[in-house]
Amino acid sequence: MRPGTDVRAACPDDLEDLVAVCLAARREAAVGAQLCTDDADRLRDQLGALRGAPGGLVLLGSVDGVPSGLLLARVVGPGPFTDVVSMNLEAVYVLPDARRRGLGHALLAEAVAHAEQVGATELYALPLPGARGMQRFLARLGFAPAAAHRVVTTSALQRRLAHDLAPATHTGVPRRAGSRGIEDLIARRRQGRIRATGFVEPVPSVPTPRVDAAAQRRASISMQVTRAVQTRRPSPSSTTTS
């Protein structure tokens, strides 16, 4: 740690300084609403909750005695499907005037020390979109891309589940969300192509069954023999003379 920089676990008396640093980060970020709330009271409660939560970590960094940065993290695991313990870095931020003083490195060094204490073997970070400086900073320290997450809003998922699980109104038979949903999607796409191009897709023709040539020849020969026998057989109504 460079002279003049200090990093320590935040205490209740540090909440006001942490709120000020968070609000400064929000003003700097292009996606401020995704970073944190702009309500100081609510933000204070959230930081206090993270600090007191099991596995929560809140670090306050200072340069020359002035609060200038923070790190928010949470220890995750083990869980039902993995024995791995990891640390999720939710935020790492240093005020512009305090940068290039080693404070970011000092914050991460303290986080790594805490990760070792709790047995965390991996650290995950999720920089906000557009935070190129943070992306470069983490990449220089060895953070590599990981598997992408999928996200949906609560309201959107509720609407989709209600649609897929709702019973069909015209038949009274419960809707099957699997194959029926795929068939509906294919039909909608076909109708969209017809409206856009005016081209009607041809209906696939049913293939003609293949007739075995040998069997056909045997049937023809049998028919000829039958006809020959019938022509040679005397008719019951015919008479003979002596």
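FRET efficiency for Ala30 and Thr121, Cβ-Cβ distance as r, R0 = 45 Å, nearest 0.05? Intermediate results must be reported in sequence, preceding the final value.
Working: r = 33 Å, r/R0 = 0.74.
My answer for the efficiency is 0.85.
Return the FRET efficiency for the residue pair Ile182, His149: r is the Cβ-Cβ distance, R0 is 45 Å, and the value is rounded to the nearest 0.05. It would help to have the intermediate numbers written out before the result.
Values: r = 25 Å, r/R0 = 0.56.
Computed FRET efficiency for Ile182 and His149 comes out at 0.95.
Per residue, segment 5-141 exposes 56 Å² of accessible surface when a 1.4 Å probe is rolled over the protein heavy atoms with every protein chain present.
Derived scalar couplings between HN and Hα for segment 104-113 equal x, 5, 5, 5, 5, 4, 5, 5, 5, 4 Hz in order, rounded to whole Hz, by the Karplus curve 6.51 cos²θ - 1.76 cosθ + 1.60 (θ = phi - 60°), x for Gly and Pro.
Under the classification rounded if a/c is under 1.5, otherwise prolate if a/b is larger than b/c and oblate if not, where does segment 91-139 fall, given a ≥ b ≥ c as square roots of the Cα gyration tensor eigenvalues? Write down the numbers at each step before the final one.
Working: a/c = 2.85, a/b = 1.44, b/c = 1.98.
Oblate, since a/c reaches 1.5 and b/c is not below a/b.
Taking a ≥ b ≥ c as the square roots of the eigenvalues of the Cα gyration tensor of segment 5-141, is the shape rounded (a/c under 1.5), prolate (a/b larger than b/c) or oblate? Taking the square roots of the gyration eigenvalues as a ≥ b ≥ c, segment 5-141 is rounded.
The values are calculated or read from the model by the stated rules, or taken from the named source; none is laboratory data. It should be emphasised that the depicted structure is a prediction, and the values quoted were computed from it without experimental measurement. Here Cβ is always computed from backbone atoms with ideal geometry, including for glycine, and neighbour counts include all displayed protein chains. These area figures cover heavy atoms from the full protein model, side chains too; ligands, DNA and RNA do not enter into them. Shrake-Rupley method; radii C 1.70, N 1.55, O 1.52, S 1.80 Å.
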